[in-house]
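Undergrad: Below you'll find the structure I mean.
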Amino acid sequence: MWLRAGCEIQFDESEPAPFILMLRPRSGRRQWVARESYTLIPSVPVEEYTDPYGNLCQRLISPPGKFVIRTSADVLADDTIDVAPGAPFVEVQNLPNEVLTYLLPSRYCESDQFIQMGREIVGDAIPGYDQVARIEQWIRDQFIYNEAAPHFQLSAADFNQMSEGVCRDFAHLGIALCRGLCIPARMVVGYLHKLEPMDFHAWFEAYVGGRWYTFDPTQSEPRGGRVTVAYGRDAADVAIFSQFGPALYPTRMSVQVEQLPGPPE
């Protein structure tokens, strides 16, 4: 399906502030970016680079006063996500080098604390995809997905003590449980068509059967219509904006995802 996804983020600052933004989707096996616009008001010099996870990052210094970031991209995205019951576990010694980092504990995913819990959750599931699917369903059954949850910047261990959380919390716990079973897992941030309420969204991917598969415990069934913006070990790697200096929050932020009738002209 063709999707038009974008956002508008507004800041109001008293002094210049260094920023790193991560707002540009890139073309890959599961999506093709046909058209893109990226507007800064007022316009400021920008340096773009690619981080260690392949994400497109924009480095700039915002001016004092009102500063608006506006993005839009027309993307050919998959209508569905692949499911592969029975896809096998990949032994650690056979994993590609670039996947190994997604086995390790990270800031928000303390996987070394979830080894025994993960084994109990998956039970007798076939090692690999079926284990991840059982983890996904367990999280869905145990926690309430509430985008208005008051908790902030929880790790997987923190969230495991709660009853509800936001999408990043669900993803962190899924990642930690997978890594505890020696299944590489990474966090994904982007857009999801028809997400309610509309906002940026987070889910996770697990590496089984020789490739990455999408898992989203916040949704009741597998759903396509996803536009990926960034991959990383956890939320610390995939922040849509990082501001350095006095903590600032957007004075306004809106996200839009709409389906297009066909390719952009």
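Undergrad: Please state the shape class of the stretch 156-265: rounded when a/c is under 1.5, otherwise prolate if a/b exceeds b/c and oblate if not, all from the C-alpha gyration tensor.
TA: In terms of gyration-tensor shape, oblate.
Undergrad: Starting at 0 and stepping by 5 Å, how many percent of the alpha carbon pairs of the stretch 86-132 end up in each bin?
TA: The distribution over the stretch 86-132 is 5, 18, 20, 27, 25, 6, 0, given as percents.
Undergrad: Of P45, I20, P150, which is farthest towards the positive pole of the chain's charge dipole, taken about the Cα centre with +1 and -1 on the beta-carbons of Lys, Arg and Asp, Glu respectively?
TA: Value computed over the given set: P45.
Undergrad: Say we join alpha carbon atoms closer than 10 Å with springs in a Gaussian network model of the chain; which of A157, A148, A235 then has the biggest fluctuation?
TA: Per the Cα network of the chain with a 10 Å cutoff, A148 tops the list.
Undergrad: PRE reach from A157 (point 7 Å along Cα→Cβ): which of the stretch 106-128 fall under 20 Å by backbone N?
TA: Counting backbone N atoms under 20 Å from the label point, the list is 106-121.
Undergrad: So, counting K/R as plus one and D/E as minus one, what does the shell of residues with Cβ under 10 Å around P105 add up to?
TA: Local charge sum for P105: 0.
Undergrad: As I understand it, the value is the acute angle between the Cα axis of helix 129-142 and the longest principal axis of the Cα atoms of the chain; what does it come to in degrees, rounded to 10?
TA: 70 degrees
Undergrad: Suppose every K and R has +1 on its Cβ and every D and E has -1 on its Cβ; what is the size of the dipole of the stretch 95-167 about the Cα centre, in Debye to the nearest 20?
TA: With only Lys, Arg, Asp and Glu charged at Cβ, the dipole is about 60 debye.
Undergrad: Give me a comma-separated list of calculated 3J(HN,Hα) values for the stretch 111-122, in order, Karplus coefficients 6.51, -1.76, 1.60 applied at θ = phi - 60°, integers in Hz, x for any Gly or Pro.
TA: 4, 5, 8, 10, 5, 5, 4, x, 4, 5, 5, 7
Undergrad: Please state the charge dipole magnitude for the stretch 92-222, taken about the Cα centre, from unit charges on C-beta atoms (+1 on K and R, -1 on D and E), reported in debye and rounded to the nearest 20.
TA: Taking the Cα centre of the stretch 92-222 as origin, the dipole is about 320 debye.
Undergrad: Follow-up question, since we're still on this one. What are the ³J(HN,Hα) values, in whole Hz, obtained from phi via the Karplus relation 6.51 cos²θ - 1.76 cosθ + 1.60 with θ = phi - 60°, for each residue of the stretch 181-195 in sequence order, with x given for Gly and Pro?
TA: 9, 6, 9, x, 8, 9, 8, 10, 10, x, 10, 10, 4, 6, 5
Undergrad: Short version: what are the Cα gyration tensor semi-axes of the stretch 92-222, square root of 5 times each eigenvalue, largest first, in whole Å?
TA: The equivalent ellipsoid of the stretch 92-222 has semi-axes of 22, 16, 14 Å.
Undergrad: List the pair-distance distribution P(r) of the chain, using every Cα-Cα distance, as the percent of pairs falling in each 5 Å bin from 0 up to the bin containing the longest distance, rounded to whole percents.
TA: Final binned percentages: 1, 6, 13, 16, 18, 16, 13, 9, 5, 2, 1, 0.
Undergrad: For the residues I126, I9, I144, what sequence is obtained by ranking on other C-beta atoms within 10 Å, fewest first?
TA: Listed from fewest to most nearby Cβ atoms, that is I144, I126, I9.
Undergrad: Which net charge results for the neighbourhood of P25, defined as the other residues with beta-carbon distances under 11 angstrom from its beta-carbon, given Lys and Arg at +1 and Asp and Glu at -1?
TA: My count for the surroundings of P25 gives +2.
Undergrad: Sort H172, H151, H193 so that the residue with the fewest other Cβ atoms within 10 Å of its own Cβ comes first and the one with the most comes last. Intermediate values should be presented prior to the final figure.
TA: Numbers: H172 29, H151 14, H193 19.
In order of increasing Cβ crowding within 10 Å: H151, H193, H172.
Undergrad: A follow-up question, please. Which is the longest part of the chain that has none of the chymotrypsin sites (Phe, Trp or Tyr not before Pro) sitting in a DSSP loop with at most 15 other Cβ atoms within 10 Å?
TA: It works out to 1-151.
Undergrad: Still on this model: Which trypsin sites (Lys or Arg not before Pro) in the stretch 175-265 sit in a loop by DSSP (not H, G, I, E or B) and have at most 16 other Cβ atoms within 10 Å of their own Cβ?
TA: Here the sparse-neighbourhood loop sites are K194.
Undergrad: Could I ask something else about it? Per DSSP helix of 4 or more residues, -39500 (n - 2.57); summed, then divided by the residues of the chain. What does that give at 222 nm, rounded to the nearest 500?
TA: Mean residue ellipticity, 222 nm, calculated: -4500 deg cm²/dmol.
Undergrad: Given the options V166, V132, F114, identify the residue whose Cα lies farthest towards the positive end of the charge dipole of the stretch 108-189 (+1 on Cβ of Lys, Arg; -1 on Cβ of Asp, Glu).
TA: The one lying farthest along the dipole's positive direction is V132.
Undergrad: With +1 on each Lys and Arg Cβ and -1 on each Asp and Glu Cβ, and nothing else charged, work out how big the dipole of the chain is about its Cα centre, in Debye to the nearest 20.
TA: My answer is approximately 400 debye.
Undergrad: Between beta-carbons, use under 11 Å as the cut-off and find the net charge around Q256, counting Lys and Arg +1, Asp and Glu -1. Could you put the intermediate results ahead of the total?
TA: On the way: positive: R4, R70; negative: E8, D199, E258.
Within the 11 Å Cβ shell, the charges total -1.
Readers should treat all values here as calculations from the given coordinates under stated rules, not as data from a laboratory. This one's a predicted model, so the numbers in the text were calculated from it and none came from an experiment. All Cβ positions, glycine included, derive from the backbone under ideal geometry; neighbour counts span all protein chains shown.
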